[in-house]
Structure formats: C-alpha cells, structure tokens
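The values are calculated or read from the model by the stated rules, or taken from the named source; none is laboratory data. Bear in mind the structure is a predicted one, so any value in this text is a computation, not a measurement. Here the Cβ is made from the backbone with ideal geometry for all residues, glycine too, and neighbour counts use every protein chain on show. For accessibility, only protein heavy atoms count, side chains too; no ligands or nucleic acids. Shrake-Rupley method; radii C 1.70, N 1.55, O 1.52, S 1.80 Å.
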Amino acid sequence: METELTLRVDGATHHLRVDTRTSLLDALRQRLGATSPKKGCDHGQCGACTVLVGGRRILGCLALAVAHDGAEVTTAAGLAPGPDEDHPVHRAFVDHDAFQCGYCTPGQVCSAVGVLDELERGWPSAATADVAGGPDLGDPAAVDREIAERMSGNLCRCGAYMGIRAAVAEVAEGARR
C-alpha cells in the first residue's frame, strides 16, 4: 500500500509517494537522493542513519517515513548555517580529527548536535549522577561521561572516539560561555 507524504528535508519541502513500510532512511536516500545519512546495519545498532527530526535525534532506519509526514528533517548536510559556513560541530570534528574513513561521520555529527541540545536542556542520562538535578556541566569529567554515554549508540569502525568526544566537548564548552 502506498501513501503520499510531505517531508521538509534540510530546508526544502518534498512531496512523495511511498510504500507505507518505507523507512525514513530509505525515503531520504532512495527517493530524495540525500546521501548524508548512511545505511550501516539497518537494525538501529550503529547510528550511521542518525538524523534530526524536529531537532531531536532519531535513527532513520527504525522510523517509518509515514510516521513523519510533515516533519522537519535535518541531515548533517543541512546543519551548516550558510553555503560557505560550517556548523560548529562540523568544524570541531575537523579540528579534532574526529573521523577516519568518514562513513559514520554524518550520523555522529547529527547525534552530537542532539546531545548538545539534550545537555543544554538539562536532560539526564544514565551517566547523570543526580537525575533530578540534571547533568553537571561544571565538571569536565562529568561532561565527558555524559558525552560518552549519549554518543554510545553511534559506532565508529575506525575507532575515532577520542576525537569525537573531544569535538563534542569543545562545542559544549563553547555553548556554556
């Protein structure tokens, strides 16, 4: 069975007809030609397909496209504020060599943007010592634990985790200033 839906992806509105079983990832890649989100495991275990929907990070391979009719979807390619500008997370990933082969990088970047938003909102994680009080953003070790926990759903085959954590921490520190 097919249905029509509308997605706003990286600022552009798209009307498309898809099978109701189509994942958001497949709609983005196969129907809209968005190559930033990657198909890694197709089971929600690697994070390569992470995109932002309404500003919150989700795994595109586990989300049905029809469930996001009318949604604002942002991929790593759509994060830049302008054509000649980098998003702060993009820049930090480059500065900290937070990628090797680059396959996981778009998902890592989207997840990092989501993590930074969660920290800014004071949302607790499994690493938060005082769940009622939210994350301790004044303690660098606590921030590192928060970042490691929150980014744990995004795998990197090349093992660039130290650079990824450093990049996210740098942007988090800059946001607190």
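Some notes on this structure:
- Only one of Ala48, Ala34 that is at pLDDT 95 or above, in contact with a Leu (Cβ under 9 Å, 6 or more places away or on another chain) and within 24 Å of Arg150 (Cα to Cα): Ala48
- Residue count for region 144-177 satisfying the condition of being outside any helix (DSSP H, G or I) and either in contact with a strand residue (DSSP E or B) (Cβ under 7 Å, 6 or more places away or on another chain) or without any contact (Cβ under 8 Å) to a residue 40 or more places away in the chain (or both): 3.
- Only one entry in Ala112, Ala141, Ala98 is farther than 30 Å from Thr3 by Cα and assigned to a loop (DSSP other than H, G, I, E, B), namely Ala98.
- Scope region 95-124; condition among the charged types (D, E, K, R) and surrounded by fewer than 16 Cβ atoms within 10 Å (Cβ to Cβ); matching residues: Asp95, Asp97, Asp117, Glu120, Arg121
- Close Cβ contacts (under 9 Å, 6 or more residues apart or on different chains) running from residues in region 12-32 that are closer than 13 Å to Ala67 by Cα to residues that are open to solvent by 10 Å² or more (accessible area, probe 1.4 Å) and among the polar types (S, T, N, Q) comprise Val18/Thr3; Asp19/Thr3; Thr20/Thr3; Thr22/Gln30.
Residues checked against (1) surrounded by fewer than 17 Cβ atoms within 10 Å (Cβ to Cβ); (2) modelled with pLDDT of 95 or more; (3) within 21 Å of Gly55 (Cα to Cα):
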site	(1), (2), (3)
Gly138	yes, no, no
Arg145	no, yes, no
Ser152	yes, yes, yes
Gly163	no, yes, no
Ala166	no, yes, no
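- Residue count for region 125-136 satisfying the condition of being open to solvent by 50 Å² or more (accessible area, probe 1.4 Å) and within 15 Å of Ala175 (Cα to Cα): 1.
- Within region 82-94, the set of residues being open to solvent by less than 40 Å² (accessible area, probe 1.4 Å) and touching a residue at least 60 places away in the same chain (Cβ under 8 Å) comprises Val89, Ala92, Phe93.
- Flag for Pro37 being part of a loop (DSSP other than H, G, I, E, B), in contact (Cβ under 8 Å) with a residue 12 or more places away in the chain, touching a helix residue (DSSP H, G or I) at 6+ places or on another chain (Cβ under 7 Å) and of a type outside the set (Gly, Ala, Ser): yes
- Selected residue (criterion: farthest from Cys41 (Cα to Cα)) from residues of region 68-81 that are open to solvent by less than 80 Å² (accessible area, probe 1.4 Å) and without any contact (Cβ under 8 Å) to a residue 40 or more places away in the chain: Ala80
- Filtered residue count, region 99-110, keeping only those that are modelled with pLDDT of 95 or more and touching a helix residue (DSSP H, G or I) at 6+ places or on another chain (Cβ under 8 Å): 6
- Of all residues in region 11-29 being under 16 Å from Gly78 (Cβ atoms) and touching a strand residue (DSSP E or B) at 6+ places or on another chain (Cβ under 6 Å), the one that is most open to solvent (accessible area, probe 1.4 Å): His14
- Counting only residues that are closer than 16 Å to Thr105 by Cβ, crowded, with 18+ Cβ neighbours inside 10 Å and not small (Gly, Ala, Ser), region 30-58 holds 8 of them.
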